[in-house]
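A.B. asks: Below you'll find the structure I mean.
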Amino acid sequence: MKNFISTQDWSKAELQEILDYAKDLKKNKFQQTLKNKSVALLFFNPSMRTRTSFELGIQELGGYAIVLHPAKDAWPIEFKPNTLMDGESEEHIIEVAKVLSEYCDLIAVRAFPKFINLEEDLSDKVINSFAKYSTVPVINMETITHPCQELAHIMTMQEHFGDLSGKDYLLTWTYHPKPLNTAVANSSLMIASKFGMNVKLLCPNKEYLLHQNYLEQAQKNCDVNGTSFQITHNIEEGYRNAHIVYAKSWGSLNYYGNPEEEKLIRDDFKHFIVDEQKMSLTKDAKFSHCLPLRRNIKATDAVMDSDSCVAIQEAGNRLHVQKSLLTKLLKD
Ligand code: CP
């Protein structure tokens, strides 16, 4: 039984198989590959795209989706092993995962990092606990990475460029009034490097570097592919000659648990917004973002409304890649 928790657990060929079937599903959306199958979708955090695309995608394949929000419309869950449960949690992950496995053929989970304790967030406790105790496959709908977004991102880029090998890829940090989690940024580096692109990470300074775990994984992928991985804090150097610009905001890992303190330094970097002047440095690059996006904070209206922006196409492709992934996991 295989889970989909990180794309690093899957080979490029396996991921390409999912992408290829997603392209078929985009043309022929109604299939019966999930007929009589049920999927539990657990959201510990809000969602628009992920919930809609999973719930609808499961229906379009003939399956049933059960959406639960633990601690809201389902009981709060305890994740600590061998603990005295005298707090708020009403049941333990051991029972939750096993009972849901009795009812459903697959469990998908969204559980963002809490941004209080870095080590705890890096352990990705919630999704890994589901994987440990479930007897059915588990899909990551965004934790400390966002692998479903990665698939949609690569599908979109392949639709524009075909083979991505050797393309110049920029992941740029952007400003946002709050410190956001690093999931999509971590994912962007891993998938761009895995698919053979020369990857650049642009962020304001060393305080905004992503965690070493993800930088090392990106470097390893680039080493395997014979491509380059570069970190820069110079905006012009980052954008120059890029074929693809992907934007995301994230909070500094050096200020974990101290959002107020971090805001004092972050507010100096509002100029990292994606605008037409920066995009003009690229090789007529495609621009994308996972969404949601605050216009004129992360990217200007002009960029968002330009022909180069493919963020809506990427969001649309979430539906097709997830349907392909669900089909593969339930078939295998
Ligand atoms: N990109 C994405 O996952 O969107 P939602 O948070 O709306 O699901």
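The values are calculated or read from the model by the stated rules, or taken from the named source; none is laboratory data. Predicted model only: the values in this text are computed from it and were never measured. Counting neighbours? That spans all protein chains shown, and the Cβs are built from the backbone with ideal geometry, glycine included. Accessible surface areas use protein heavy atoms only, side chains included; no ligands, DNA or RNA. Shrake-Rupley method; radii C 1.70, N 1.55, O 1.52, S 1.80 Å.
A.B. asks: Specify which residue in the list Gln31, Ile244, Ser134 is farthest towards the positive end of the charge dipole of the chain, using unit charges on the beta carbon of Lys, Arg (+1) and Asp, Glu (-1), about the Cα centre.
C.D. replies: Going by the Cα projections, it comes out as Gln31.
A.B. asks: Continuing with this model, one more query. Taking the chain as a Gaussian network, Cα atoms linked when under 10 Å apart, which of Tyr21, Tyr64, Tyr103 shows the biggest mean-square fluctuation?
C.D. replies: Maximum among the listed residues: Tyr103.
A.B. asks: Hey, any idea what Rg/Rh is for region 149-314, computing Rh the Kirkwood way over Cα pairs?
C.D. replies: Radius of gyration relative to Kirkwood radius: 0.94.
A.B. asks: For the chain, what class follows from the C-alpha gyration tensor (a ≥ b ≥ c being the square roots of its eigenvalues): rounded when a/c is under 1.5, otherwise prolate if a/b is larger than b/c, else oblate?
C.D. replies: oblate
A.B. asks: Moving on to the next point. Work out from phi, with θ = phi - 60° and the Karplus expression 6.51 cos²θ - 1.76 cosθ + 1.60, the ³J(HN,Hα) of each residue of region 172-189, listed in order in whole Hz, and give x for Gly and Pro.
C.D. replies: So the Karplus estimates, Gly and Pro as x, are 10, 5, 10, 6, 7, x, 10, x, 8, 6, 8, 4, 5, 5, 4, 5, 4, 5 Hz.
A.B. asks: So, one more: Taking R0 as 35 Å, what FRET efficiency do you get between Gln32 and Lys12 from their Cβ-Cβ distance, rounded to the nearest 0.05?
C.D. replies: Efficiency, from the Cβ-Cβ distance: 0.75.
A.B. asks: Comparing Gly196, Gly251, Gly63, which has the greatest mean-square fluctuation in the GNM of the chain with Cα pairs linked when under 10 Å apart?
C.D. replies: Result: Gly63 has the largest fluctuation of those listed.
A.B. asks: Next up: Roughly how far apart, in whole Å, are the Cα centres of region 56-76 and region 124-166?
C.D. replies: Answer, in whole Å: 18.
A.B. asks: If you stretched the chain out fully between Glu102 and Asn45, how much longer would it get, using 0.36 nm times the residue separation minus the C-alpha to C-alpha distance?
C.D. replies: Full extension from Glu102 to Asn45 adds 18.1 nm.
A.B. asks: Let me ask another. Taking the Cβ-Cβ separation of Asn117 and Glu261 as r and a Förster radius of 22 Å, what is the calculated FRET efficiency to the nearest 0.05?
C.D. replies: 0.85
A.B. asks: Need the C-alpha centroid separation for region 264-293 versus region 167-198, integer Å.
C.D. replies: Result: 12 Å between the Cα centres.
A.B. asks: With each label point set 7 Å from Cα along the Cα-Cβ vector, what nm distance links Glu95 and Asp305?
C.D. replies: Here the modelled spin labels are 5.5 nm apart.
A.B. asks: Give the separation of the Cα centroids, region 1-18 to region 234-251, in Å.
C.D. replies: What the calculation gives is 27 Å, centre to centre.
A.B. asks: For the chain, with all protein chains present and a 1.4 Å probe, just round the carbon and sulfur fraction of the accessible area to a whole percent.
C.D. replies: So the carbon and sulfur contribution to the accessible surface is 49 percent.
A.B. asks: Quick one: accessible area per residue over the chain, 1.4 Å probe, rounded to a whole number of Å²?
C.D. replies: 43
A.B. asks: Let's test the formula: R0 of 45 Å, r as the Cβ-Cβ distance of Asn205 and Asp73. What FRET efficiency results, to the nearest 0.05?
C.D. replies: The value I calculate is 0.60.
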